[in-house]
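This report concerns only the one structure given below.
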Amino acid sequence: MKKIYLDYAATTPVDKKVLEAMLPYFSENFGNAMSVHGFGQEALEAIDEARAKAALFFKCSPSEIIFTSGATESNNLVVKGILRSHNSIARKAEEKPHIITTAFEHHCVLDACKFAKKDGLAEVTFITPNKEGLISVKDIKAAIQPNTILISVMYVNNEIGTVQPIAEIGKLLKKINIERATEKLPKISFHTDATQAINYFNCDVDEIGVDLLSMSAHKIYGPKGVGLLYVRKATAIKRIQDGGDQEYKMRAGTHNVPGIIGLGAAINAIKTPATLKYIKEITQLRDYLIKRVLKEIPKSYLNGSAEKRSPNNANFRFDDVEGEGLILSLDLDGIAASTGSACSSGALDPSHVLLSLGLRHEQAHGSLRLTLGKHTTKQELDIVIVKIKEVVKRLRKISGNVLADFK
């Protein structure tokens with residue numbers, strides 16, 4: 001049985017050229033980058049080269065790139081590090097800082113903000129997206145308070161693939177921060193989790209107007225266990241992990257040298273002419289998949305905007321079908337898909353992302369996320385569509401809700 005992988009939003013296979021770049025740093029060039037001898041300096045030089053590649057991609061200074069274990073650590077560093085910096089200055093009790101984020105962020109941002117609120121460290125406003133899965137710039141502006149110090153909005157939603165107006169928010173905050181400076185109010189730092197955006201969208205940090213940006217290598221055909229945080233110079237943020245002085249004293253811990261080399265190689269491969277051609281091709285495949293599923297399966301719906309959507313994401317819901325049953329049945333047929341975030345796949349609760357769109361619990365439970373990648377073919381999608389139709393029909397028959405008008 002040929003296996004078909006349609007869960008590229010969860011993780012991607014390491015590209016062969018990326019692996020080739022990494023291999024020497026597991027055994028031959030194994031030095032600790034903080035050691036002063038030749039072995040260590042060789043590793044440090046390789047890290048500096050990877051940092052330069054990342055800085056070139058984001059159009060920033062190499063010193064603004066902080067390597068981490070991945071986006072989860074980067075996002076925690078943003079929320080907790082910004083608060084730690086703010087609270088390091090003696091303030092009055094009524095001067096509690098305020099954070100604005102969205103109700104459908106990845107759990108690492110959402111939970112970090114919820115715990116900060118629960119622990120009394122900050123006030124938090126959670127902006128609800130519209131039914132299309134899009135955040136309104138007007139809602140962001142309306143939520144800003146004198147004590148607001150951080151706004152965090154995901155670039156591309158990891159479950160439904162909708163693209164948020166990051167550049168527009170960045171432009172708004174640039175004007176607002178100029179006004180706040182004259183009023184002696186704290187600067188509002190702007191963060192985006194760009195993990196699902198790196199492959200497809202503009203990540204020039206000046207053009208999109210962010211102060212902080214996080215990502216993981218394993219979403220861009222790089223290795224797991226490594227990511228980075230872009231931190232604009234002069235951003236008020238403090239380290240949250242104590243130990244050594246690695247990463248400009250922002251992130252303690254021995255460097256994951258092979259992983260960092262892999263991240264550099266993976267990010268260096270993005271936005272070549274071949275990549276731009278691939279984006280066009282994968283968008284066509286996505287549209288083909290969406291059109292056929294919605295046409296051929298009754299009571300099927302697309303979750304999130306059809307237009308403002310990542311090129312590789314198709315997120316469906318089916319009436320009278322339980323999502324977990326659908327995923328497990330497809331897996332038995334050799335098809336890898338998901339109901340949402342891989343980080344939450346063990347949970348029985350319906351997706352918080354789909355609930356934030358206003359869907360009922362039973363609707364949110366009937367979701368299917370298919371995410372395409374550079375190895376996806378039209379022939380594979382044809383097979384998957386047939387299998388989805390078979391499984392949906394069978395599950396509805398079991399539940400007593402058979403619909404005969406399959407095409």
The condition of being part of a helix (DSSP H, G or I), farther than 21 Å from C108 by Cβ and not assigned by TED's automatic domain parsing to the domain that holds N313 holds, among I178, I169, only for I178
Against the definition (farther than 26 Å from T339 by Cβ, part of a loop (DSSP other than H, G, I, E, B), assigned by TED's automatic domain parsing to the domain that holds G227 and among the hydrophobic types (A, V, I, L, M, F, W, C)), how does I89 come out, yes or no? yes
Considering each residue of the range 109-156, count those that are touching a strand residue (DSSP E or B) at 6+ places or on another chain (Cβ under 8 Å) and in a helix (DSSP H, G or I), and give that number. 9
How many residues does the range 8-52 contain that are charged (D, E, K, R), surrounded by fewer than 20 Cβ atoms within 10 Å (Cβ to Cβ) and within 28 Å of the chain's Cα centre (by Cα)? 6
Search result, residues across the range 181-198 that are of a type in the set (A, V, I, L, M) and assigned to a loop (DSSP other than H, G, I, E, B): L185, I188, A194, A197, I198
Select, from G304, G334, G323, G253, the only residue that is touching a residue at least 12 places away in the same chain (Cβ under 8 Å), on the phi > 0 side of the Ramachandran plot and touching a Ser or Thr at 6+ places or on another chain (Cβ under 7 Å). G304
Among the residues of the range 92-107, write down those that are closer than 28 Å to V163 by Cβ and either assigned to a helix (DSSP H, G or I) or not hydrophobic (A, V, I, L, M, F, W, C) (or both). H98, T101, T102, E105, H106, H107
A careful count of residues in the range 103-121 that are farther than 15 Å from N157 by Cα and crowded, with 22+ Cβ neighbours inside 10 Å gives 2
May I ask you to say which residue of A55, A116 is assigned by TED's automatic domain parsing to the domain that holds I198, touching a Phe, Trp or Tyr at 6+ places or on another chain (Cβ under 9 Å) and among the aliphatic types (A, V, I, L, M)? A55
Hey, N75 outside the structural domain of D333 (by TED's automatic domain parsing), touching an Asp or Glu at 6+ places or on another chain (Cβ under 9 Å) and part of a loop (DSSP other than H, G, I, E, B) or not: no
Could you check the range 9-61 for helices (runs of 4 or more DSSP H) lying wholly inside it with 1 or more residues that are aliphatic (A, V, I, L, M)? 16-22, 38-58
May I ask you to say which residue of I260, I237 is assigned by TED's automatic domain parsing to the domain that holds A112 and either over 21 Å from the mean Cα position of the chain (by Cα) or assigned to a loop (DSSP other than H, G, I, E, B) (or both)? I237
Looking across the range 62-72 at residues that are in a helix (DSSP H, G or I) and hydroxyl-bearing (S, T, Y), the single one that is nearest to the chain's Cα centre (by Cα) is T72
Tally up the residues in the range 338-383 that are aliphatic (A, V, I, L, M), surrounded by fewer than 22 Cβ atoms within 10 Å (Cβ to Cβ) and either modelled with pLDDT of 90 or more or closer than 16 Å to N315 by Cα (or both), please. 5
Restricting to the range 218-246, give me the number of residues that are over 26 Å from N158 (Cα atoms) and buried (at least 21 other Cβ atoms within 10 Å of the Cβ). 0
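Each row is one residue, and each column tells you yes or no for (1) within 21 Å of G227 (Cβ to Cβ); (2) touching a strand residue (DSSP E or B) at 6+ places or on another chain (Cβ under 7 Å); (3) buried (at least 22 other Cβ atoms within 10 Å of the Cβ).
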site	(1), (2), (3)
K175	no, no, no
E179	no, no, no
D193	yes, yes, yes
I198	yes, yes, yes
N202	yes, no, no
V210	yes, yes, yes
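The values are calculated or read from the model by the stated rules, or taken from the named source; none is laboratory data. Remember, predicted model here, so these are calculated numbers, not experimental data. Note that each Cβ is placed from the backbone with ideal geometry, even for glycine, and that neighbours are counted across all protein chains shown.
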